[in-house]
Amino acid sequence: MNRLKIAIQKSGRLSDDCQELLKACGIKFHYNKDRLIVYAKNQPIELLRVRDDDIPALVFDGVADLGFVGENVLGECQLDRQNKGETASFNKLKVFEFGECRLSLAVPKDFDYQSLASLKNARIATSYPNLLKKYMDDNTVPFKNCLLTGSVEVAPSAGIAHAICDLVSSGATLEANGLKEVEVIYRSKACLIVKSEPLSAEKQALVDKLLTRMTGVEQAKE
Ligand code: PRT
Ligand code: ZN
């Protein structure tokens with residue numbers, strides 16, 4: 001049987017939870033921090049360890065069978081494809097209780113924010129241009145996009161942008177940068193996606209077994 005290919009974040013906020021979940025499902029790996037591909041010792045499974053941003057496309061294109069990814073990254077990549085007129089097909093198998101965060105708009109504390117209209121024509125820094133544009137378009141508020149792949153939270157104090165649209169969990173990063181959260185535009189948790197093209201019967205049976213075990217692991221935690 002061909003190995004079931006699972007894309008997983010190589011190192012970051014989702015890596016440990018995903019690896020622990022697979023372990024709790026009885027799948028054994030020898031992780032090597034530098035390896036892109038890791039084979040399971042006791043199942044026909046291989047992990048593709050990549051940047052989280054690359055995971056949706058690997059599943060959309062059928063390069064990976066399954067992928068663990070934040071719904072924020074998934075939503076952004078899906079819109080990016082759709083906006084380019086390309087297809088982005090997948091099925092969501094599960095949403096987990098880890099990786100929880102929200103994509104929010106934030107402004108400097110002294111910004112006189114009344115409603116979303118206060119951001120009319122503002123320059124907004126973000127790493128999520130498609131989710132931001134959809135939200136602003138849905139609310140018919142024009143704005144200027146400022147794409148940054150990192151250090152988004154310093155953009156207002158650096159004079160690069162009037163506001164930001166970034167991930168928040170505790171809010172400590174916003175606080176440390178003198179910003180206040182004014183709108184939540186997207187709520188996210190980690191999820192498991194599968195490619196839309198049908199899997200072989202053997203792979204499907206393995207996926208079904210994994211899902212049953214994941215449910216068991218979740219119930220054991222309750
Ligand atoms: O290298 P790679 O591209 O794989 O990793 P990455 O740096 O892009 O992502 P990583 O590991 O930081 O996050 C992976 C995923 O974790 C995200 O896509 C979200 O789905 C989820 N997640 C959950 C978070 C957070 N919580 C979070 N707080 N991702 C990022 N943050 C950042 C946020 O951007 C901000 O800088 O943490 C800071 C805010 O945290 P608080 O607690 O101060 O509000
Ligand atoms: Zn990333």
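Bear in mind that the values in this text are calculations on the coordinates, not laboratory data. Note that the structure is predicted; figures quoted are calculated from it, not measured. Here the Cβ positions follow ideal geometry from the backbone for every residue, glycine too, while neighbour counts run over all protein chains shown.
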- [ ] Please list, or write none, the lysines whose alpha carbon is within less than 16 Å of the alpha carbon of Lys221, excluding same-chain residues fewer than 8 places away.
- [x] Lys23
Open item on the list: Just to confirm the number: angle between the C-alpha axis of helix 201-221 and the first principal axis of the chain, 0 to 90 degrees, nearest 10?
Closed with: 60 degrees
Open item on the list: Please state the shape class of the range 29-81: rounded when a/c is under 1.5, otherwise prolate if a/b exceeds b/c and oblate if not, all from the C-alpha gyration tensor.
Closed with: prolate
TODO: State whether the range 96-222 is rounded, prolate or oblate according to the following rule on the C-alpha gyration tensor (a ≥ b ≥ c being the square roots of its eigenvalues): a/c under 1.5 gives rounded; otherwise a/b larger than b/c gives prolate, and the remaining case gives oblate.
DONE: prolate
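Using only Cα atoms, figure out Rg for the range 41-111 and give it as a multiple of 2.2 N^0.38 Å. Present the calculation step by step, with values, prior to reporting the outcome.
Numbers: Rg = 15.5 Å, N = 71, 2.2 N^0.38 = 11.1 Å.
Its radius of gyration relative to the 2.2 N^0.38 Å reference: 1.39.
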TODO: Using a cut-off of 12 Å between beta-carbons, work out the net charge of the residues near Leu148 (Lys and Arg +1, Asp and Glu -1, Leu148 not included).
DONE: -1
TODO: List every residue whose amide H lies under 5 Å from the amide H of Leu148, counting only residues 5 or more places away in sequence or on a different chain, with H placed 1.01 Å from N in the peptide plane.
DONE: Thr126, Ser127
Open item on the list: Using amide H atoms built in the peptide plane, which far-off residues or other-chain residues are under 5 Å from Gly70 H to H?
Closed with: Cys191
- [ ] Put one equal scatterer on each alpha carbon of the range 10-135, apply the Debye formula with no solvent term, and list log10 I(q)/I(0) at q = 0.11, 0.14, 0.21 1/Å to two decimals.
- [x] -0.51, -0.75, -1.29
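About the Cα centre of the chain, how large is the charge dipole given +1 on each Lys and Arg Cβ and -1 on each Asp and Glu Cβ? Please answer in debye to the nearest 20.
Details: 30 positive and 30 negative charges, 109 e Å.
Dipole of the chain, to the nearest 20 debye: 520 debye.
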- [ ] Report the label-to-label distance for Lys221 and Asp61 in nanometres (one decimal), using points 7 Å from each Cα along the Cα→Cβ vector.
- [x] 3.1 nm
Task: q = 0.19, 0.23, 0.28 Å⁻¹: log10 I(q)/I(0) that the Debye formula gives for the range 156-222, counting C-alpha atoms only - done: -0.84, -1.05, -1.26
Open item on the list: Could you identify which residue out of Glu71, Glu97, Glu46 has the top mean-square fluctuation in a GNM of the chain using Cα springs shorter than 10 Å?
Closed with: Glu97
Task: Top of Leu14, Leu36, Leu192 by mean-square fluctuation, Gaussian network on the chain, Cα under 10 Å - done: Leu36
TODO: First check a/c for the range 1-65, with a ≥ b ≥ c the square roots of the eigenvalues of its C-alpha gyration tensor; if it is under 1.5, answer rounded, and if not, answer prolate when a/b is larger than b/c or oblate otherwise.
DONE: oblate
- [ ] With springs connecting C-alpha atoms under 10 Å apart, model the chain as a Gaussian network and identify which of Glu175, Glu76, Glu153 has the largest mean-square fluctuation.
- [x] Glu175
Open item on the list: With θ taken as phi - 60° and the coefficients 6.51, -1.76 and 1.60, list the Karplus ³J(HN,Hα) couplings across the range 18-25 in order, rounded to whole Hz; mark glycine and proline as x.
Closed with: 5, 5, 5, 5, 4, 5, 5, 7
Task: Angle between the chain longest axis and helix 129-138 axis [Cα atoms, degrees, rounded to 10] - done: 60 degrees
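In square nanometres, what is the average projected area of the Cα convex hull of the chain? Could you put the intermediate results ahead of the total?
Working: hull surface 54.4 nm².
That works out to 13.6 nm².
Calculate how many DSSP beta bridges within the chain are antiparallel, expressed in % of all such bridges and rounded to the nearest 5.
Of all bridge pairs located within the chain, approximately 65 percent are antiparallel.
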- [ ] Compute the acute angle (0 to 90°) between the alpha-carbon long axis of helix 71-83 and the principal axis of greatest extent of the alpha-carbon atoms of the chain; round to the nearest 10°.
- [x] 80 degrees
TODO: Hey, can you grab everything whose amide H is under 5 Å from the amide H of Tyr186? Only 5+ residues off in sequence or another chain; H modelled, so Pro and N-termini drop out.
DONE: Leu103
